[in-house]
Ligand code: ADP
Ligand code: MG
């Protein structure tokens, strides 16, 4: 590969909104045949909204909103932001007026815990609360399944060991999502969706952008995302990974080519080989096309 042609590729990349770590990065895109897409913030906007609030019979809905909002205020996760903003709006409160939790802990891929107003709180998915020994989860099952069937994520809330209710949040698929996936297919690449979110949500996003149901990996813990990439590589595939989150950093580094969303976290950008500056998913295909052209020029 001649350095000059690679440098030209790098310059053209900048025009397209692609930042390339080094010209040699283009080499690794040549044989890519599979593109793993993170869901939240990559295929979807990552700006979630609060939809329903469901309190158990014994729970005051306002208290549920207030405690959940206060706990999630300590987290930066898109789910947490939606809970805090939506709950505060419904309560007519400024988020700044929420009490700060004590003993706060973020459990990546699962939820959050902490103490608010003397109560020991947990908020997260059903498995997280069940594993923590929370009782009364059965009372939330119907509401949770309804939410998930509608393509939403249910945030279950418990305090003092008892399930108290749930809040449902949802994200929007990026407008360019279907075009972006089509452009990848046109390049002969197989798209795969990877997420820590529940299967029903993952399938509805996959369907919206045209990814096959059998190419969806859901409910994957952050530490296992890189394993999915390794498993695909073990099948002989050459894998590009597109992601934005702290959770995606290991998978981005493991992939043969890591593409980070410029709108994402610093951890993802550092782990990636390329950055899609504007966060436009269509540019993933542009990046791979550019690399192939640049290398064809060299041959
Ligand atoms: P993704 O792969 O979609 O970025 P994560 O791995 O960050 O998702 O999270 C997986 C799931 O864990 C979320 O869909 C949600 O159910 C739960 N979760 C993570 N963080 C939080 C939080 N702060 N509050 C509530 N639930 C959370
Ligand atoms: Mg993400």
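The values are calculated or read from the model by the stated rules, or taken from the named source; none is laboratory data. All of these numbers come straight from a predicted model, not from anything done at the bench. No Cβ is skipped: glycine too gets one built from the backbone with ideal geometry, and neighbour counts run over all protein chains shown.
So which of 80, 70 is in contact with a strand residue (DSSP E or B) (Cβ under 9 Å, 6 or more places away or on another chain) and either assigned by TED's automatic domain parsing to the domain that holds residue 222 or within 12 Å of ligand 1 (Cβ to nearest atom) (or both)?
When all the criteria are applied, what remains is 80.
In region 240-272, which residues are more than 13 Å from the chain's Cα centre (by Cα), farther than 17 Å from residue 180 by Cα and surrounded by fewer than 24 Cβ atoms within 10 Å (Cβ to Cβ)?
250, 253, 254, 256, 266, 267, 269, 270, 271, listed by residue number.
Among the residues of region 128-143, which ones are within 30 Å of residue 217 (Cβ to Cβ) and either assigned to a loop (DSSP other than H, G, I, E, B) or in contact with a strand residue (DSSP E or B) (Cβ under 7 Å, 6 or more places away or on another chain) (or both)?
128, 129, 132, 133, 134, 137, 140, 143
Let's see how each residue does on (1) surrounded by fewer than 21 Cβ atoms within 10 Å (Cβ to Cβ); (2) closer than 28 Å to residue 231 by Cβ:
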| position | (1), (2) |
| --- | --- |
| 112 | no, no |
| 128 | yes, yes |
| 140 | no, no |
| 153 | no, yes |
| 178 | yes, yes |
| 204 | yes, yes |
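Checking residue 206 against (1) more than 15 Å from the chain's Cα centre (by Cα); (2) touching a residue at least 12 places away in the same chain (Cβ under 8 Å): exactly one of these is not met. Which one?
It is condition (1) that residue 206 fails.
State which residue is farthest from residue 292 (Cα to Cα) when the search covers only region 235-270 and only residues that are in contact with a strand residue (DSSP E or B) (Cβ under 6 Å, 6 or more places away or on another chain), without any contact (Cβ under 8 Å) to a residue 60 or more places away in the chain and more than 10 Å from ligand 2 (Cβ to nearest atom).
If we take residues in region 235-270 being in contact with a strand residue (DSSP E or B) (Cβ under 6 Å, 6 or more places away or on another chain), without any contact (Cβ under 8 Å) to a residue 60 or more places away in the chain and more than 10 Å from ligand 2 (Cβ to nearest atom), then 269 is farthest from residue 292 (Cα to Cα).
Restricting region 211-231 to residues that are within 16 Å of residue 151 (Cβ to Cβ) and over 13 Å from the mean Cα position of the chain (by Cα), which is nearest to ligand 1 (Cβ to nearest atom)?
Result: 216.
Take the conditions surrounded by 21 or more Cβ atoms within 10 Å (Cβ to Cβ), part of a strand (DSSP E or B) and either within 16 Å of ligand 2 (Cβ to nearest atom) or free of Cβ contacts under 8 Å to residues at least 60 places away in the same chain (or both) and apply them to residue 79. Does it pass?
No; evaluated as a whole, the condition is false for this residue.
Hey, which of the strands (runs of 3 or more DSSP E) in region 9-57, taking only ones fully inside, have at least 1 residues that are at pLDDT 90 or above and either within 14 Å of ligand 1 (Cβ to nearest atom) or outside the structural domain of residue 209 (by TED's automatic domain parsing) (or both)?
Where strands (runs of 3 or more DSSP E) fall fully within region 9-57 and carry at least 1 residues being at pLDDT 90 or above and either within 14 Å of ligand 1 (Cβ to nearest atom) or outside the structural domain of residue 209 (by TED's automatic domain parsing) (or both), they are 34-38, 49-55.
Among the candidates 232, 129, 189, 184, which residue alone is away from ligand 2 (no atom under 16 Å from the Cβ) and within 20 Å of residue 68 (Cβ to Cβ)?
Selected residue: 129, the only one of 232, 129, 189, 184 that is away from ligand 2 (no atom under 16 Å from the Cβ) and within 20 Å of residue 68 (Cβ to Cβ).
Inside region 7-54, can you point out the residues that are crowded, with 19+ Cβ neighbours inside 10 Å, closer than 22 Å to residue 147 by Cβ and more than 16 Å from ligand 2 (Cβ to nearest atom)?
Within region 7-54, 50, 53, 54 qualify.
Within region 100-127, track down each residue that is in contact with a helix residue (DSSP H, G or I) (Cβ under 7 Å, 6 or more places away or on another chain), more than 6 Å from ligand 1 (Cβ to nearest atom) and not in a strand (DSSP E or B).
101, 108, 117, 126
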